[in-house]
Structures are given as structure tokens and as C-alpha cells.
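Colleague: I have a structure here, written as C-alpha cells, and I will follow up with some questions on it.
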Amino acid sequence: QVQLVESGGGLVQPGGSLRLSCAASGSIFSIYAMGWYRQAPGKQRELVAGITSGGSTNYADSVKGRFTASRDNAKNTVYLQMNSLKPEDTAVYSCNVKVVPYGSVEVKSYWGQGTQVTVSS
């Protein structure tokens, strides 16, 4: 079993910054891709940022230049640094990790519990 624990959400004024963290633990043999998704009320969930095991990143066009994804492989943790936040960034942010658990040859996908980010004055 693999558990993901997210932290770092909250309320911030427009132009402010937040840093999200997502730590994976449990029966992990290896971690492949890690990523952050968000879902705003009435909208579909969208990929915000992804990062591969080698550190390559990709971002939604709406966050390029403002958000930065990074990972600490020793801690099985992925981060999302969010700068210059806008009201339209308000959403529930969830991390997703693709893992090969011990005793398995399959890559499995796990989700964090989600953390609310609200950008408002």
C-alpha cells in the first residue's frame, strides 16, 4: 500500500505565493512520474505540472513561468512552487504519483487527498 500526504494549501492574496508538498510512503520499489492536478468548481480536473524520474517537467500553459515543480527522490516528495498567484488558480490541488510497489511489476497510480488553494483579496 502507498500513501500520499499533501500539505501547503491555503488562502493567499493575488500576486502571492504558496508551496505545495506531497510525500509518498509505503511499499514503494520505485517512483516514476509525479504530478500535480487541480479542479476548480464546475470544471474538469486538469494537469498543472508533471515531473519525470529524471527531472523533466511539463506545465499547463496557464501556469508556465509562474509555477515550478520539483522532486526530492530521497524523500519521495514532489513540490509545487506557485508564484504570482491569480484568482483563477483557485482550486483543489491533488498530487498523483506513478509507482511500482514492492512485489509488483506494474506501474500503479495513486492520488493525494487534495488541498484547497484559494486566491482572493
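The values are calculated or read from the model by the stated rules, or taken from the named source; none is laboratory data. Just so you know, these numbers come straight off a predicted model, no measurement behind them. In this analysis, Cβ positions are derived from the backbone assuming ideal geometry, glycine residues included, and neighbour counts consider all displayed protein chains. Each accessible area value is taken on the protein alone, full model and side chains, heavy atoms only, with ligands, DNA and RNA left out. Shrake-Rupley method; radii C 1.70, N 1.55, O 1.52, S 1.80 Å.
Colleague: If the convex hull of the alpha-carbon atoms of the stretch 1-46 is projected onto planes in all directions, what is the mean projected area in square nanometres?
Modeller: 4.7 nm²
Colleague: Write down the accessible area per residue of the stretch 26-121 in Å², having rolled a 1.4 Å probe over the full set of protein chains.
Modeller: That works out to 53 Å² for each residue.
Colleague: From the square roots a ≥ b ≥ c of the eigenvalues of the alpha-carbon gyration tensor of the chain, which class results: rounded (a/c under 1.5), prolate (a/b over b/c), or oblate?
Modeller: prolate
Colleague: For the stretch 24-85, what value does the Rg/Rh ratio take when both radii are computed over Cα atoms and Rh is the Kirkwood radius, given to two decimals?
Modeller: The Rg/Rh ratio comes out at 1.01.
Colleague: If packing is taken as the average number of other Cβ atoms within 10 Å across a peptide's residues, how do 90-97, 7-14, 18-25, 47-54 rank, most packed first?
Modeller: Result, highest mean first: 90-97, 18-25, 47-54, 7-14.
Colleague: In addition: State, to one decimal in nm, how far the label point of residue 118 lies from the label point of residue 45, with both points 7 Å from Cα in the Cβ direction.
Modeller: A separation of 2.2 nm, rounded to one decimal place.
Colleague: I would also like to ask the following. Would you work out what percent of the accessible area of the chain, with all protein chains in place, is carbon or sulfur (probe 1.4 Å)?
Modeller: 48 percent
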